[in-house]
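The structure under discussion appears below in the form of structure tokens.
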Amino acid sequence: MIKDGLNLLKEAFFLFLYQRPLYFWLTLLFSFFLAGFCWWLASHYTQLWNRTFKVKLVHHLFCGIASLMTFIFVSTFFCLGFTKTAGRDQINRWGYELVQNGEWENRTFEQARRAVWDLGIEPAYEWTSPHFIPTTTYQSRLTVATIYVTNATKNFLSIHPFLGKILDLNITKAETLAKKDMDAYFAIGRTTYDDRRAIGLISSYLIWSLDQQTPRLSFLFRVLLVVLFLFTQSIPFTLIGIAAYKDIKIQT
């Protein structure tokens, strides 16, 4: 899941670079400036209570860590504005690739066909073709639709667990979507449930959820980023401060 989240962030960075190149480089320049200021601050703030303290090599290592974290967190903070577009791209790319996945299509078809056969409610004369699933009854249609939609859901969650988690995609949700969609799909005389329908249904739900949740998620992610930033900064600053305090005790 962490890897998937980092991939989403990486795509957001590239979108930031391609769509707003000037703003991107200005952001990096601003992040670099703040990182340099952080290094200076970490190496000099102990002068407030210990003017004789000399920052050693190990302390500069702490300063470097604080500076690096500053650069990463500040640039990431601005990059988060492009995560919605990156998420859309991932969803659309997943849908396109799954439609082209013949192995997934065949496996899902066979699973749905076997499930309908196991129901034992379709007439025997409907099973003449191995490339057709009889769906003359409501239960058969619901079974087929649910299998296609849940399999598409499982595939997406296996590839994009982070995005699926934050967008509240799960098997129960998929079954509910399948049931609602099935009635509309078969109401106009269709006899088979298309796998593209299932993929499109999940894609549409994810994009809708992304549109609905982006403002809240962007706010939460930025708050989390600030909290992590303050936490990571507190470690090197604290270590340097402790060293400066011990230096006072040694001199006295």
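The values are calculated or read from the model by the stated rules, or taken from the named source; none is laboratory data. This is a predicted model, so every value here is computed, not measured. Neighbour counts are summed over all protein chains in view; Cβ atoms, including those assigned to glycine, are modelled from backbone coordinates with ideal geometry. Only protein heavy atoms, including side chains, enter the accessible area calculation; ligands, DNA and RNA are left aside. Shrake-Rupley method; radii C 1.70, N 1.55, O 1.52, S 1.80 Å.
At-a-glance table
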| item | result |
| --- | --- |
| Residue-by-residue Karplus 3J(HN,Hα) for the stretch 97-102, coefficients 6.51, -1.76, 1.60, Hz, glycine and proline x | 5, 6, 4, 7, 8, x |
| Amide H within-cut-off set for Tyr193, under 5 Å, with H built and near neighbours excluded | none |
| Added length on full extension, which subtracts the Cα-Cα distance from 0.36 nm per residue, Asp194 to Phe14 | 61.3 nm |
| Approximate spin-label separation Leu224-Tyr96, in nm, with each point projected 7 Å along Cα-to-Cβ | 2.8 nm |
| Charged-residue dipole, Cβ positions (Lys, Arg, Asp, Glu), the stretch 143-252 about Cα centre, Debye nearest 20 | 240 debye |
| For the chain, accessible area per residue (1.4 Å probe, heavy atoms of protein chains only), Å² | 58 Å² |
| R0 of 25 Å, Cβ-Cβ distance Leu57-Leu29: FRET efficiency to nearest 0.05 | 0.35 |
| Shape parameters for the stretch 118-163, alpha-carbon atoms, Rg then Dmax in Å | 14.4, 46 |
| ³J(HN,Hα) computed for each position of the stretch 170-183 - Karplus, 6.51 cos²θ - 1.76 cosθ + 1.60, integer Hz, glycine/proline x | 8, 5, 4, 4, 5, 5, 5, 4, 4, 5, 5, 6, 4, 4 |
| Karplus-derived 3J(HN,Hα), 6.51/-1.76/1.60, for each residue of the stretch 54-63, Hz, glycine and proline x | 9, 6, 8, 4, 5, 6, 5, 5, 4, 4 |
| Listed values (i) 88, 47, 22; (ii) 67, 36, 35; (iii) 98, 39, 28, entry calculated as Cα extents along the principal axes in Å | (iii) |
| Additional length obtainable on full extension of the chain from Trp127 to Leu22, 0.36 nm per residue less Cα span | 31.6 nm |
| Calculated FRET efficiency for the pair Leu48/Phe77, C-beta based, R₀ 35 Å, to 0.05 | 0.80 |
| Long pairs among Lys3/Lys180; Lys154/Lys180; Lys3/Lys179; Lys10/Lys179, criterion Cα-Cα beyond 27 Å | Lys3/Lys180; Lys3/Lys179; Lys10/Lys179 |
| Burial order of peptide ranges 65-76, 14-25, 122-133, 145-156 (average beta-carbon count within 10 Å, highest first) | 145-156, 65-76, 14-25, 122-133 |
